[in-house]
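*Asks:* Attaching a single structure in structure tokens format; questions to follow.
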Amino acid sequence: GASEMLGRAELRAWADRKTRRSASSPRVRITPSTPAQPEHRSGSQPMPVGQELIAIGASTGGTVALTDLLRQLPADSPPIVIVQHMLAEFTRDFAEHLNAACALKVRVAEDAARVQRGSVLLAPGGRHMHLARGADGQLHVRLSDQPPVGMHRPSVDVLFESCAELNGASTLGVLLTG
């Protein structure tokens, strides 16, 4: 299910260094995989390098796995942006639940909110969330009411594509599948 695998050996090593292991086994298991090497073809543009960022996409059933994952991360984690498929009327309560459950500051994203270390921005239900670089050079989230993508708004694809475009290889993408 959603809590079975996250991938990327780097996240596992980072989490091992930063978190305390409990006597009980966590529901979310971070399993190593071989990181993909960036492909650079002649004539293509290299991926942009930006600030460390974690982008998480989760389907409707991923709330427990997402809670378990965030509980394992320290308060000084890189910024996290999340698209969770959820109805708008439940998003604020879910953000408050996550905020109470972990060391990070979790809130529902507002348009133009700055992406900051130690914080989690959760896409509001019914709105797409993507990254933009502000006049200050820092990453910010932008919200839109564009049509659903793959029948979803917010869409994980919209967030992940903007992360790849603006922040490139500095973004760790995590997709929780069920």
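*Asks:* What ranking, highest mean first, results for peptides 170-177, 103-110, 89-96 when packing means the other Cβ atoms within 10 Å averaged over each residue?
*Replies:* 170-177, 103-110, 89-96
*Asks:* Further question on the same structure: If you count, for each residue, the other Cβ atoms within 10 Å and average over each peptide, how do 112-120, 130-138 line up from highest to lowest?
*Replies:* 112-120, 130-138
*Asks:* With all protein chains present, how much of the accessible area of region 65-113 (probe radius 1.4 Å) comes from carbon and sulfur, to the nearest whole percent?
*Replies:* Roughly 52 percent, rounded to a whole number.
*Asks:* Could you do me a favour and compute the accessible area per residue for region 61-178, 1.4 Å probe, result in Å²?
*Replies:* 45
The values are calculated or read from the model by the stated rules, or taken from the named source; none is laboratory data. Fair warning: this is a prediction, and the values are worked out from it, not measured in the lab. FYI the Cβ positions are ideal-geometry reconstructions off the backbone, even for glycines, and counts take in every protein chain you see. The area values use the complete protein model at the heavy-atom level, side chains included, leaving out ligands, DNA and RNA. Shrake-Rupley method; radii C 1.70, N 1.55, O 1.52, S 1.80 Å.
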